[in-house]
1. Got a number for residues in the stretch 71-106 being in a loop (DSSP other than H, G, I, E, B), of a type outside the set (A, V, I, L, M) and either at pLDDT below 95 or more than 6 Å from the ligand (Cβ to nearest atom) (or both)?
2. So, in the stretch 36-63, of the ones that are over 15 Å from the mean Cα position of the chain (by Cα) and aromatic (Phe, Trp, Tyr), which residue ends up surrounded by the fewest Cβ atoms within 10 Å (Cβ to Cβ)?
3. Which number in (1) over 15 Å from residue 5 (Cβ atoms); (2) free of Cβ contacts under 8 Å to residues at least 60 places away in the same chain; (3) under 16 Å from the mean Cα position of the chain (by Cα) marks the one condition that residue 167 misses?
4. Looking at 84, 66, 100, 132, which one is surrounded by 15 or more Cβ atoms within 10 Å (Cβ to Cβ), under 12 Å from residue 11 (Cα atoms) and not hydroxyl-bearing (Ser, Thr, Tyr)?
5. For the stretch 6-24, how many residues meet the condition of being over 18 Å from residue 115 (Cα atoms) and among the hydrophobic types (A, V, I, L, M, F, W, C)?
6. Given the options 127, 97, name the one that is touching a Leu at 6+ places or on another chain (Cβ under 9 Å), over 23 Å from residue 29 (Cβ atoms) and not basic (Lys, Arg).
7. Looking at the stretch 110-127, which of its residues are part of a helix (DSSP H, G or I) and within 13 Å of the ligand (Cβ to nearest atom)?
8. Taking the stretch 135-155, which residues are surrounded by fewer than 15 Cβ atoms within 10 Å (Cβ to Cβ) and not in a helix (DSSP H, G or I)?
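The values are calculated or read from the model by the stated rules, or taken from the named source; none is laboratory data. All values reported here derive from a predicted model rather than from experimental measurement. All Cβ positions, glycine included, derive from the backbone under ideal geometry; neighbour counts span all protein chains shown.
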Amino acid sequence: MARVFVITGPSGVGKGTLIRRLRSALPELRLSVSATTRAPREGEEHGRDYWFLDEDAFARQVRDGEFVEHAEYAGRRYGTLRSELDRHLADGAPVVLEIEVQGAQQVRGTMPEAVQVFVAPPSFDALRERLERRGTDDPDVIRRRLDVSLGELRQQEQFDHLIVNDDLDAATARLVGIVRDEIGRPSS
Ligand code: 5GP
């Protein structure tokens with residue numbers, strides 16, 4: 001039964017790690033590769049981690065209606081390409097979107113049947129420590145992401161499921177449980 005799962009929550013909360021673990025547990029789940037205008041980080045590959053687009057190409061695809069959702073996040077643009085999603089759904093496979101909160105809210109409007117999971121940190125300090133420890137962003141970017149996260153955290157109650165990522169194994173087990181239950185249920 002094809003279904004769409006949206007995993008959202010602030011940057012640094014562990015969405016990527018949880019999704020990697022989720023997909024090891026449920027290999028039939030496909031991950032939609034997003035488009036972004038931010039520069040690739042070391043080790044990231046075009047087409048595997050993101051479709052890295054310049055501003056013009058991104059704007060053109062927005063104009064052409066090629067995004068299911070898109071948002072500006074900390075000064076960069078991110079979006080889910082319809083072609084990515086449709087490719088997996090056409091195979092009858094369930095799909096996971098890892099997106100920030102504005103995008104998740106848009107998906108709620110356009111695909112109310114999508115199952116939405118908000119991943120929250122145990123505390124704001126824990127989020128800051130995680131972003132600093134991860135070392136993928138410079139201090140300015142981290143500050144910006146933390147600022148954005150305050151607004152994101154206020155929206156957590158609006159999602160179907162809330163997982164507090166204080167213990168990675170427990171959080172993974174909850175996420176796997178949620179997705180497994182939904183996949184096993186006839187779609188409405
Ligand atoms: P990062 O730059 O750390 O890879 O991603 C920044 C934020 O953008 C993260 O919260 C990530 O989940 C989110 N993001 C990644 N892809 C998309 C997308 O396609 N759409 C939206 N709205 N957010 C995305």
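1. 4
2. So the residue we want is 52.
3. (3)
4. Only one candidate passes the filter, namely 100.
5. Qualifying residue count for the region: 1.
6. 127
7. Of everything in the stretch 110-127, those that are part of a helix (DSSP H, G or I) and within 13 Å of the ligand (Cβ to nearest atom) turn out to be 110, 127.
8. Within the stretch 135-155, the subset surrounded by fewer than 15 Cβ atoms within 10 Å (Cβ to Cβ) is 135-136, 138-140, 143, 147, 150-151, 154.
Correct list: 135, 136, 138, 154.
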